[in-house]
Amino acid sequence: MFKIQWVWQYLYFTKDIPEKLTTMIFNSIAFLMFFAIVASVNYILPSAFRWIWILAVSIFFYMYTVPSYVLVPIFIILVTYFGGLLIEKTASGAKKKVFYLSCIILNVGILVFFKYTNFFTNMVIDFANYSRQNFFHVQGTLHNELLIRIFVPLGISYITFQAIGYLIEIKRGTQTAEKNIGHFAAYILFFPKIIAGPVERAHNFLSQINLQKTPDFAACSAGLKQILWGLFKKLVIADRLSIYISTVFDNTVLHSGYTLALCAIFYVFQMYADFSGYTDMALGFSKILGYDLMPNFNRPLAARSVTEFWRKWHISLSTWFGDYFYTPIAIAKRDWGPWAVIYASFITFIVLGFWHGANWTFIIFGFLQGAILTIEFITKKLRKNVRKKIPAVINNTLGILFTFCYFAFSLIFFRANSVTDALEIIKGIFNAKGTLFIPEQYMVLYPLFGIGIMLFVEWMDYYKHSTFGYFSHQNIIVRYSAYLAVSILILLLGIFDGGQFIYFQF
Amino acid sequence: MERIEILKALIPVFTEALDSDFDVILKEATTAADVNGWDSLTHIQLVVAIEKKFKIRFTSKEIQTWKNVGELITGIENKIKMQ
Amino acid sequence: MIKELLIKLVIFFVLLIILDRGIGYFLEKIYFSQNHGYYYRTTYVFEKATPDILILGASKASHHYVSNMIIDSLQESCLNAGEDGYFILYQEATLRCMLKRKYFPKLLLLDLNDDEFEKNTYKTEDRLSILLPYYHRHPEIRDIVELKSPYEKYKVMSCLYTFNTVLLPALSGTLDLNNRKLVEQKSAGYVPLNEKWSGTFKKIESHGQTLDSIRIKAFEEIIKLTRENNISLVVVVSPAYKIYNRGYNPTTEVLQKISQKNKIQFWNYINDTTYLNNKQYFKDVRHMNDDGAIIFTANIISKIKTLPGFQNLAVKTVAEPIK
């Protein structure tokens, strides 16, 4: 007899999960060995069987963290696969809408349940406590008995979003439902993108699975270069900065405004190096397996407005929100004129912020994006007129600086554990007295050096049309020197003590 | 209205809505990626301007299915025919 | 295509290995020709120091034991080898290196933090990095270094990896621009602190902390090594401006138990009111300042005099430490 307690017990968790997760992150020897095996077998297998292998290792990869939790994505896959076929088959009308909405709600429900239950129950309890004290004048505080200790299944945010996007496209008629459940499962569970995206579009990936392209030398070579570059960014820049920034931000009251400001600036680079580095590795690993995933970044630090920034940062996520949130809302409200844009921007970015985590800090992060986008939208004509009177160099520089600083400011909320912590940091930046805190010079010099190289390579890629700087030079000696130089820098300056990847529990 | 006429009529609409300094170049195969300033934010204004110009009204579904200017023209064509 | 890829990969790795060894060779030269600084002091203690009385410990040790007082009082050479961030595994490594070169101090004062054995106090794996540059030269500590991660023994095949992070500091360690070496020699390792603590007690609730068995094992290993080589061992937990709830502290409890079992001297200054009643002896919750260190060292000296091997010393007045 099935008891509801069994479900609760199954989900209840006390294991020391983070320890195990660390061993399968991309910059770990365990993963590299795993991948070497996966790629070799993938290459040897005849094309028709490759997807089976990819699906099998993806399931293994997923179960490596906590085995029983793989049932969650499997459930989502089944619902979405059958739902997709059903929606496609059903003629337009109420029935189609019902199937469609049920599948969407199921996916959203799973996401909300795992990620946001505690957030919402806490909110209810906080409100109850507030009312008791201020309206009913009752003593004592309620404790949240409904808090569940649940570990969020790996990549649940990416999984549900890919599933939802798939369903939306089917309902719109722009995507044919995938007939092969194995292919669909491989799309959802594809291990290089399960931890931190990109949020891949169904048609892009499914078409590649159907093609069964054999990875050729060009793909493998490009993939390896991308992995090496990603490793550099993550180990030398991101994980280095993380040490310094954590030391400061975990003890904000002890530090001067200069130190806090420096860390806020550094944090942008840490975020970028970490996330784009990890994405580069994901794309690189995928290339070696014969799959081209969508890029997630396009020189975001060179954006001259926050509007432009969000076209270049976490592109897979912002386009997902653009296509499935912003556009439908703005279209539906288009009679409001400019208010439609403002309304849609705020809602979209608040939800986008909230997607990152179950905390008010993320909501504020999103709100800040919506606010500046609105301001930029309203002042578009004005700024254009100003631009005509000022030399382009100054315009662009000011734009880049402003965008960078605004993003750094909003990231303070993103990083802080609570809104009060974030406000403390901001207050500290403007008020705290004291000198710059640098315990060891190398703590700052090494990542600065890495940032310099990263920016130089990005500049080179844009203006000289290279790919990862000298990695794509025609001269073989120059290329190999570049690979070796980067590898040596990783060995000398990289962090090997297991820095944690930021975009992890999403 | 002929497709080529619709295309010609769209040029000032695009130019105005996208706040472009010079006439936007449009062909049947043009997509948002090809036009500077045409993104999700300006797309809405574009749609509103097009609906105003041709005195038609699209459904959300129709708007979201256009992949390029050609499909947009087809959509406009059909709407005009229905009137 | 596989052949082309594999050939290119092999060429790449061969070149990398050559560069790794080559640059690694120069880095080793630079690292071990430092003449002052944090890394130099580590090297010095591992490879050259021969004090009769050796003080090992972390930052507390370096700030609490006035070595010159000990030298004057007991007429023995003394080195305070305490450093920020050192920890029990490091101290075991130090002992092994000294024993390997057949040096046996007369007395080892092992100063431990009151939370040394608690797992959450620090991450062992991170701290072990300091031993990496010594991996190749000192086979006697390799198994300690390998505790850093399951794949450590493969990672250390790269010479450059063993010098990870140390490039810049090692370079500056070879240029003694401020005559640091002279200062360090004069004070025999003691680093006085001069600020006075103005805050309140740190109240510690002790219960349920997980203890790290690897560190406890290292402690037992140190006891074994000192016993086998006739080194007097004294374990000290020097004063801290903390109050432990119910006086109970998991680390000192374990230290007490193991010391008792092995008949080792264990001097526990936690909850000692001589210091707790005198805030002016402390710079912060964890460390005493110069005033406190002088009082404390005098006490330590009087206790050392009661140990076998130190009892026949003529009574000497405690000399003023060299300022």
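Quick rundown of the values:
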{"item": "All positions within region A:255-269 that are in a helix (DSSP H, G or I) and in contact (Cβ under 8 Å) with a residue 40 or more places away in the chain", "result": "A:GLY257, A:TYR258, A:THR259, A:LEU260, A:ALA261, A:LEU262, A:ALA264, A:ILE265, A:PHE266, A:TYR267, A:VAL268, A:PHE269"}
{"item": "Boolean, A:PHE367 is under 30 Å from A:ILE148 (Cβ atoms) and of a type outside the set (Val, Ile, Thr)", "result": "yes"}
{"item": "Selection count, region B:47-62, where residues are within 10 Å of another protein chain (Cβ to nearest Cβ) and within 10 Å of the chain's Cα centre (by Cα)", "result": "3"}
{"item": "Unmet criterion (only one of (1) part of a loop (DSSP other than H, G, I, E, B); (2) free of Cβ contacts under 8 Å to residues at least 24 places away in the same chain; (3) among the polar types (S, T, N, Q)) for B:GLN64", "result": "(1)"}
{"item": "Residues being among the hydroxyl-bearing types (Ser, Thr, Tyr) and within 17 Å of A:ALA302 (Cβ to Cβ) - total across region A:259-278", "result": "2"}
{"item": "Failed condition for B:THR15, given (1) modelled with pLDDT under 90; (2) buried (at least 19 other Cβ atoms within 10 Å of the Cβ); (3) β-branched (Val, Ile, Thr)", "result": "(2)"}
{"item": "Test: residue in region A:396-405 that is at pLDDT 95 or above and either under 21 Å from A:PHE249 (Cα atoms) or within 14 Å of chain C (Cβ to nearest Cβ) (or both)", "result": "yes"}
{"item": "Selection count, region C:222-258, where residues are polar (S, T, N, Q), under 19 Å from the mean Cα position of the chain (by Cα) and part of a loop (DSSP other than H, G, I, E, B)", "result": "1"}
{"item": "Set A:PHE135, A:PHE119, A:PHE114: member being without any contact (Cβ under 8 Å) to a residue 24 or more places away in the chain, aromatic (Phe, Trp, Tyr) and in the same structural domain as A:TYR69 (by TED's automatic domain parsing)", "result": "A:PHE135"}
{"item": "Count of residues meeting criterion [more than 26 Å from A:ILE159 (Cβ to Cβ) and free of Cβ contacts under 8 Å to residues at least 60 places away in the same chain] in region A:198-224", "result": "4"}
{"item": "Qualifying residue in region A:481-491 (condition: within 13 Å of chain C (Cβ to nearest Cβ), more than 28 Å from C:ILE11 (Cα to Cα) and not hydroxyl-bearing (Ser, Thr, Tyr))", "result": "no"}
{"item": "Among residues of region C:47-84, those that are in a helix (DSSP H, G or I) and either over 11 Å from the mean Cα position of the chain (by Cα) or closer than 15 Å to C:SER187 by Cα (or both), counted", "result": "13"}
{"item": "A:TYR158 being in contact with a Gly (Cβ under 8 Å, 6 or more places away or on another chain), of a type outside the set (A, V, I, L, M), closer than 28 Å to A:ASN359 by Cβ and not in a loop (DSSP other than H, G, I, E, B)", "result": "yes"}
{"item": "Criterion (part of a helix (DSSP H, G or I), buried (at least 16 other Cβ atoms within 10 Å of the Cβ) and either modelled with pLDDT of 95 or more or in the same structural domain as A:THR176 (by TED's automatic domain parsing) (or both)) met by exactly one of A:PHE49, A:PHE99, A:PHE127", "result": "A:PHE99"}
{"item": "Any hit, region A:106-122, residues being touching a helix residue (DSSP H, G or I) at 6+ places or on another chain (Cβ under 7 Å), in a helix (DSSP H, G or I), of a type in the set (S, T, N, Q) and modelled with pLDDT under 95", "result": "no"}
{"item": "Subset of region A:298-320 that is part of a loop (DSSP other than H, G, I, E, B) and within 25 Å of A:PHE205 (Cβ to Cβ) - its residue that is nearest to the other protein chains (Cβ to nearest Cβ)", "result": "A:ASN298"}
{"item": "Test: residue in region C:146-158 that is part of a helix (DSSP H, G or I), away from every other protein chain (no Cβ under 11 Å) and touching a residue at least 40 places away in the same chain (Cβ under 8 Å)", "result": "yes"}
{"item": "Selected residue [in contact with a Leu (Cβ under 9 Å, 6 or more places away or on another chain) and either within 14 Å of chain A (Cβ to nearest Cβ) or surrounded by 17 or more Cβ atoms within 10 Å (Cβ to Cβ) (or both)] from C:VAL10, C:VAL45", "result": "C:VAL45"}
{"item": "Number of the exception - A:GLU178 against (1) closer than 14 Å to A:LYS287 by Cα; (2) assigned to a loop (DSSP other than H, G, I, E, B)", "result": "(1)"}
{"item": "Inter-residue pairs, beta-carbon under 9 Å, first facing chain B (nearest Cβ under 7 Å) and in region A:321-338, second among the basic types (Lys, Arg), 6+ apart", "result": "A:GLY322/A:ARG311"}
{"item": "Selection count where residues are surrounded by fewer than 19 Cβ atoms within 10 Å (Cβ to Cβ) and either in contact with a strand residue (DSSP E or B) (Cβ under 6 Å, 6 or more places away or on another chain) or within 30 Å of A:VAL70 (Cα to Cα) (or both), scope region A:209-253", "result": "5"}
{"item": "Unmet criterion (only one of (1) closer than 22 Å to A:LYS171 by Cβ; (2) outside any helix (DSSP H, G or I); (3) of a type in the set (A, V, I, L, M, F, W, C)) for B:MET1", "result": "(1)"}
{"item": "Test: A:PRO192 is in a loop (DSSP other than H, G, I, E, B) and buried (at least 16 other Cβ atoms within 10 Å of the Cβ)", "result": "no"}
{"item": "Residue match in region A:170-185 (condition: among the hydroxyl-bearing types (Ser, Thr, Tyr) and at pLDDT 90 or above)", "result": "yes"}
{"item": "Selected residue (only one of C:ASP115, C:ASP84 is under 30 Å from C:GLY24 (Cβ atoms) and in contact with a Ser or Thr (Cβ under 6 Å, 6 or more places away or on another chain))", "result": "C:ASP84"}
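Yes/no per residue for (1) assigned to a helix (DSSP H, G or I); (2) under 16 Å from the mean Cα position of the chain (by Cα); (3) surrounded by fewer than 16 Cβ atoms within 10 Å (Cβ to Cβ):
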| residue | (1), (2), (3) |
| --- | --- |
| A:ILE342 | yes, no, no |
| A:ILE347 | yes, no, no |
| A:PHE365 | yes, yes, no |
| A:GLU376 | yes, no, no |
| A:ASN385 | yes, no, yes |
| A:LYS388 | yes, no, yes |
| A:ILE394 | yes, no, yes |
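The values are calculated or read from the model by the stated rules, or taken from the named source; none is laboratory data. Keep in mind that what you see is a predicted model, and the values were worked out from it rather than measured. Cβ coordinates were reconstructed from backbone atoms using ideal geometry, including for glycine residues, and neighbour counts include every protein chain displayed.
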